[in-house]
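Asker: One structure, pasted below without further comment.
The values are calculated or read from the model by the stated rules, or taken from the named source; none is laboratory data. Fair warning: this is a prediction, and the values are worked out from it, not measured in the lab. Cβ coordinates were reconstructed from backbone atoms using ideal geometry, including for glycine residues, and neighbour counts include every protein chain displayed. Side chains included, ligands, DNA and RNA excluded: accessible areas come from the protein's heavy atoms. Shrake-Rupley method; radii C 1.70, N 1.55, O 1.52, S 1.80 Å.
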Amino acid sequence: MLGVVDACFLIDWSRYRRRELLASLFEAILVHEEVLAQLRSPSAIDFASRLLARGVLRLYPWSTAEEELYIQLRDEVALDPRIPSLERPDLLCLVIAHRTGATLLTENLGVLRVVQFHPAYSRVTAWTALEVLEQLVYRGLVEVGSAEEFLNIISEYCEDTKHVFSSKRMKDVVERVRAWLGR
Amino acid sequence: MAGKVRPPPELVREWEREDEEFRELRRRSADWKFIEGLEPRARLALLAYIETGDRYLAAKLAGLTLGEFDELRVKAGVVCVT
């Protein structure tokens with residue numbers, strides 16, 4: 001599976017005790033150089049460096065055509081006050097996901113909202129850490145025997161990263177995992 | 001210039017409900033004593049983050065990179081919510 005990652009996701013995920021599992025889920029994860037430039041914390045730099053050294057994290061060769069797509073997307077959505085945090089590096093990741101079909105790994109609420117309604121970009125698959133944890137279960141990389149055990153896995157992530165998830169998304173993902181466990 | 005692409009009203013209402021839930025989670029998680037002891041620029045940035053959830057805006061207000069601001073957010077106990 002191919003992914004593309006933004007800085008918010010990398011910063012948070014790098015604090016997670018099971019962070020190495022990300023490399024088991026994805027064959028390659030694309031990253032824009034402007035995303036790497038945003039990393040400052042030792043944990044995020046260390047994690048990204050190790051993924052780069054292993055060849056899992058790969059610098060994306062940005063093109064003029066993609067720059068034009070970025071400008072178009074920015075003009076369409078970036079000034080909408082109901083969509084927060086639409087900064088250039090994260091929109092670049094959305095463009096890369098759109099162009100390559102890669103799964104977008106993001107914790108940017110604005111980007112997640114664009115994917116909910118934009119005619120072109122709603123085709124992008126966007127995962128937060130919550131969906132990554134869900135996929136780790138489905139692929140047997142994290143073993144859980146019940147929905148409660150899955151909730152414990154999420155609690156570990158929240159504890160390590162100071163990141164929590166919306167009640168609606170938690171309810172939806174737990175229902176999916178419960179259905180998967182009962183299959 | 002491209003035209004604006006607007007979200008449907010029902011989605012905007014859902015986002016408004018979500019924004020309120022997320023804001024309350026950030027307020028409740030914050031270590032207010034720690035935040036009150038910060039220098040004004042860092043304090044303002046954290047307050048802006050708690051109210052808006054916008055890490056980029058807050059990092060700019062603090063004069064920090066995104067990664068540096070996130071270190072401050074964690075020290076202040078403020079959760080990120082998606």
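Asker: Specify the residue with the greatest mean-square fluctuation among A:Ser85, A:Ser49, A:Ser63, computed from a Gaussian network of chain A linking alpha-carbon atoms under 10 Å apart.
Answerer: Highest fluctuation among the options: A:Ser63.
Asker: Here's a follow-up. Amide H of A:Leu57 versus every other amide H placed in the peptide plane: which residues, excluding those fewer than 5 positions away on the same chain, fall under 5 Å?
Answerer: The list, which skips near neighbours in sequence, is A:Ile29, A:Leu52.
Asker: Find the sum over both chains of the accessible area lost when B and A are paired, probe 1.4 Å, and report it in Å² to the nearest 100. All intermediate terms of the calculation are to be shown ahead of the outcome.
Answerer: Values: alone 5850 and 9070 Å², together 11730 Å².
Buried: approximately 3200 Å² between A and B.
Asker: So who's got an amide H within less than 5 Å of the one on A:Val142, skipping anything under 5 residues away but keeping other chains? H placed 1.01 Å off N, in plane.
Answerer: Excluding prolines and chain starts, which carry no amide H, the hits are A:Val137.
Asker: If you average the sequence gap of Cα pairs under 8 Å that are 6 or more apart and divide by the length of chain B, what percent do you get for the contact order?
Answerer: Working: 68 pairs, mean separation 27.1, N = 82.
With pairs under 8 Å counted, the relative contact order is 33 percent.
Asker: Over chain A, what relative contact order in percent results from Cα pairs under 8 Å that are six or more residues apart?
Answerer: For chain A, the relative contact order is 25 percent.
Asker: Considering the dipole of region A:2-127 built from charges on the beta carbon (Lys and Arg +1, Asp and Glu -1) around the Cα centre, which of A:Ile11, A:Gly110, A:Leu25 is farthest to its positive end?
Answerer: Value: A:Leu25.
Asker: Can you give the angle from 0 to 90° between the axis of helix A:42-53 and the longest principal axis of chain A, with both taken from C-alpha atoms, to the nearest 10?
Answerer: 80
Asker: Wrap a convex hull around the Cα atoms of chain B, take a quarter of its surface area, and give that in square nanometres.
Answerer: Details: hull surface 26.6 nm².
The orientation-averaged projected area of the Cα hull of chain B comes to 6.6 nm².
Asker: Counting only heavy atoms of protein chains, what accessible area per residue, in Å², does chain B have with a probe of 1.4 Å?
Answerer: Values: 4210 Å² over 82 residues.
Result: 51 Å² per residue.
Asker: Okay, moving on. For B:Lys75, which lysines qualify as cross-link partners when the Cα separation must be under 23 Å and same-chain residues fewer than eight apart are set aside?
Answerer: Hits, sequence-local ones excluded: A:Lys162, B:Lys33, B:Lys60.
Asker: Also: Using each residue's phi in region A:98-114, evaluate 6.51 cos²θ - 1.76 cosθ + 1.60 at θ = phi - 60° and report the 3J(HN,Hα) Karplus result to the nearest Hz, with x for Gly and Pro.
Answerer: For region A:98-114, the Karplus curve yields 5, 6, 9, x, 5, 6, 8, 9, 8, 10, 8, 4, x, 5, 4, 6, 4 Hz.
Asker: Related question: Can you tell me the dipole magnitude for chain B around its Cα centre, using point charges on the Cβ only (Lys, Arg +1; Asp, Glu -1), in Debye to the nearest 20? Kindly include the intermediate steps, with their values, before the conclusion.
Answerer: Numbers: 15 positive and 16 negative charges, 38 e Å.
So the magnitude is around 180 debye.
Asker: Considering every residue in B:54-60, what mean count of other chain Cβ atoms within 10 Å of its Cβ is obtained?
Answerer: Details: counts 7, 10, 12, 3, 1, 3, 1.
Whole-number average of other-chain Cβ neighbours for B:54-60 is 5.
Asker: Ok, one more. For the peptides A:35-46, B:29-40, what is the packing order when you average, over each peptide's residues, the other Cβ atoms within 10 Å and list the highest mean first? Display every interim value, and only then the final one.
Answerer: Numbers: A:35-46: 18.6, B:29-40: 12.8.
Listed from highest to lowest mean packing, they are A:35-46, B:29-40.
Asker: Right, something else. So for B:Arg6, A:Arg17, what's the accessible-area order with a 1.4 Å probe, most first?
Answerer: B:Arg6, A:Arg17
Asker: Taking a 1.4 Å probe, which of A:Tyr138, A:Tyr157 shows the most accessible area, and what order do the others take after it?
Answerer: On the way: A:Tyr138 65, A:Tyr157 0 Å².
Largest accessible area first, the list is A:Tyr138, A:Tyr157.
Asker: Another question about this same structure. Per residue, how big is the convex hull around the C-alpha atoms of region A:129-181? Give it to me in cubic angstrom, could you?
Answerer: Working: hull volume 3.5 nm³, N = 53.
Taking only Cα atoms, region A:129-181 has a hull volume of 66 Å³ per residue.
Asker: If I model chain A as equal point scatterers sitting on the Cα atoms and use the Debye formula, what is log10 I(q)/I(0) at q = 0.13, 0.19 Å⁻¹?
Answerer: -0.67, -1.36
Asker: Return the long-range amide H neighbours of A:Trp127 (sequence gap of 5 or more, or a different chain), with a cut-off of under 5 Å between placed amide H atoms.
Answerer: The list, which skips near neighbours in sequence, is A:Leu104, A:Leu105, A:Thr106.
Asker: Using 10 Å bins from zero, what percent of all Cα-Cα pairs in region A:15-70 falls into each bin?
Answerer: Spelled out bin by bin, region A:15-70 gives 21, 49, 24, 6 percent.
Asker: Nearest 10 degrees, 0 to 90: what angle lies between the long axis of helix A:129-138 and the longest principal axis of chain A (Cα atoms)?
Answerer: On a 0 to 90 degree scale, this one is about 50.
Asker: Dipole of chain A, Cα-centred, from +1 at each Lys and Arg C-beta and -1 at each Asp and Glu C-beta, to the nearest 20 debye?
Answerer: Working: 22 positive and 26 negative charges, 71 e Å.
It comes to approximately 340 debye.
Asker: Let me have the 222 nm mean residue ellipticity of the protein assembly as shown computed from DSSP H runs of 4+ only, each contributing -39500 (n - 2.57), with the sum over all residues rounded to the nearest 500.
Answerer: Calculated mean residue ellipticity at 222 nm is -18000 deg cm²/dmol.
Asker: Taking the Cα centre of region A:129-181 as the origin, how large is its charge dipole in debye, to the nearest 20, when only Lys and Arg (+1) and Asp and Glu (-1) carry charge on their Cβ atoms? Each step should come with its number before you reach the end.
Answerer: Numbers: 7 positive and 10 negative charges, 53 e Å.
The dipole of region A:129-181 has a size of about 260 debye.
Asker: Which residue, A:Phe150, A:Phe117, A:Phe47, tops the fluctuation ranking in a GNM of chain A built on C-alpha contacts under 10 Å?
Answerer: A:Phe117
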